[in-house]
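Down below is the structure, laid out as structure tokens.
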Amino acid sequence: MEYVIMEGSKVMKPVRLQVSALLKYMSEGLFEKEHIMALALLTTLAGESIFLLGPPGTAKSMIARRLKMIFGQGSSFEYLMSRFSTPDEIFGPFSISKLKEQDIYERIVDDYLPAATIVFLDEIWKAGPSIQNSLLTVLNEKIYKNGRKEIALPLKGMIAASNELPAEGEGLEALWDRFLVRVVSNCISNERSFYKMLRQGTKTTMRQSIPKVMLISDERYKQWQDEMEQIEVSDEILKLITHVRMGLRKYVQNTEEADGEKFYISDRRWKKIVHLMQASAFLNGRNEIIESDVLLLFYCLWNTTEAIPVILDVVSEALFTDYIEKIEEIKKQLERMKKESVRREVPEDNVKPKIFNYFYYRVEHYKTTPCYVFSSDYRHLDRTKDRDGICYSDAQSRTHFIRLIDMDAPFSSSGQRYNIFRIKVRRGRGTLIIDGKEYPLCCSEEGNSQEEMREESSSNDKQMLDMWMRECEELKVHLVGKMADAQWTENLFVSANDRQYIKKYARQCEKRIESLLITICNQREML
């Protein structure tokens, strides 16, 4: 029967409570290395290995020693590799007595790597080929062939360290690939933390030993391993992984200097990564992988330090792909709307103003009495600039007429009694623009039908724009809710730096939504 434990106002499952407490003990006296300790614990409990890249004196070996303390009957093995290291120093010397008495060629493995629970190998890339080949089997299958028999190793986790990455062309690729998690371990950067480190003394030890009840037995370790396998991997998580894979592929294709080999991730590695996510979910007290577990990809995908910023960007962007795709979809629809609006503008050749008295078009709504423009004058008008014209009225018929004039040849009334005033005229699409204001021409029934269609289309466009505005607002609210989710702060294996990367991309996504909202509002005002 599953039960929970209360911690303050939170409800915590026993496994999460135990892991959280272990991390507090193990991180005591370590500064800016808490996240590395958390990743080392996660990797070990998942049955994988971790590589620490950093200069000497950055607490790499201390992490390994403390990791050993969480296992009840645990033992550790540490060794500083050099090019002169021999297999005897790592796996144990050969037994002379067995060779003489039984003619068996076996090593004495007690107190060496094959008998250790936690192994720390410093400067691992300096090991010779014979050691490297044996380590491949140790890391991948947890077995060691000693003479004629294979030994099932008690190994829970291996931590390797170096101040450099494996050199290219020396056959170290297979061994490098075995380290699932890769972390950069630097010197302390915060001055306050640095001062605390200086004051704590020369020996960095935990003030309290880990209570025995909290230690992880072999039985519990095996049970946890089995339960990790049952953690659900949802379609949403698989989709996120696909976004990451496609993002890396796109980066390599679009970047000339990008080396595809430096971003190669094997199928075996992807499978192990998903298992690591399952371990993270289980140790956090959940029965399924969630988005915060995906941030472990920050530490599993890079092959060179130059690739780290790319990995951070690709993984972070993948978490917001759905938002970005929705934004781009609305932008494309908005562009189609703009093009459709231009297309719906009836070309001049299709506008059919109605002819009156053989020579005139009627201008609607310009004067209180009927107003006409000579059709020949209208056809000579330009759409881009105004022309000088006059509007005059016949005193007898009380009708207005519009004519073009030449500035050098003023209009003459020929003795008739007209009211005359100057105007600026320009041609529109089925309209006449007088002194900057547009007036429609009286068109045939076909023209009026087209105008009604334009008005109806404009109304539909406004409805679409309103709908997109609502979708953008909902998208923004959902984004804010996503970032307020406690999963980012409560995940034991997500650091403050990890959260900063996510916040940066969330803010970028929010700005894109706000920019799109402004564009939609501007388009609506134009209708």
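A few remarks follow.
- Scope region 304-333; condition open to solvent by 10 Å² or more (accessible area, probe 1.4 Å), under 14 Å from Y505 (Cα atoms), of a type in the set (V, I, T) and in contact with a Phe, Trp or Tyr (Cβ under 8 Å, 6 or more places away or on another chain); matching residues: V310, V314
- Subset of region 357-392 that is of a type in the set (D, E) and touching a Lys or Arg at 6+ places or on another chain (Cβ under 9 Å) - its residue that is modelled with the lowest pLDDT: D382
- Region 201-232, residues that are open to solvent by 100 Å² or more (accessible area, probe 1.4 Å), modelled with pLDDT of 90 or more and part of a loop (DSSP other than H, G, I, E, B): E229, Q230
Here is a yes/no grid of residues against (1) open to solvent by less than 70 Å² (accessible area, probe 1.4 Å); (2) of a type outside the set (S, T, Y); (3) closer than 30 Å to G54 by Cβ; (4) touching a helix residue (DSSP H, G or I) at 6+ places or on another chain (Cβ under 7 Å):
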residue	(1), (2), (3), (4)
I90	yes, yes, yes, yes
K100	no, yes, no, no
D103	no, yes, no, no
D122	yes, yes, yes, yes
K126	no, yes, yes, no
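- One residue stands out in region 128-155 among those that are open to solvent by 20 Å² or more (accessible area, probe 1.4 Å) and touching a Gly at 6+ places or on another chain (Cβ under 9 Å): the one that is nearest to K222 (Cα to Cα), namely P154.
- Residue that is modelled with the lowest pLDDT [pool: residues in region 398-451 that are surrounded by 12 or more Cβ atoms within 10 Å (Cβ to Cβ) and among the polar types (S, T, N, Q)]: N448
- One residue stands out among those in region 63-73 that are open to solvent by less than 40 Å² (accessible area, probe 1.4 Å) and not in a loop (DSSP other than H, G, I, E, B): the one that is nearest to P154 (Cα to Cα), which is F71.
- The single residue among S134, S193, S189 that is of a type in the set (S, T, N, Q), under 32 Å from the mean Cα position of the chain (by Cα) and assigned to a helix (DSSP H, G or I) turns out to be S193.
- Filter pass, L475 being surrounded by 12 or more Cβ atoms within 10 Å (Cβ to Cβ) and part of a loop (DSSP other than H, G, I, E, B): no
The values are calculated or read from the model by the stated rules, or taken from the named source; none is laboratory data. Here the structure is a predicted model, which is why all the values come from computation and not from measurement. All Cβ positions, even for glycine, are placed from backbone atoms using ideal geometry, and neighbour counts span all protein chains on display. Heads up: the accessible areas ignore ligands, DNA and RNA and are worked out on the full protein's heavy atoms, side chains in. Shrake-Rupley method; radii C 1.70, N 1.55, O 1.52, S 1.80 Å.
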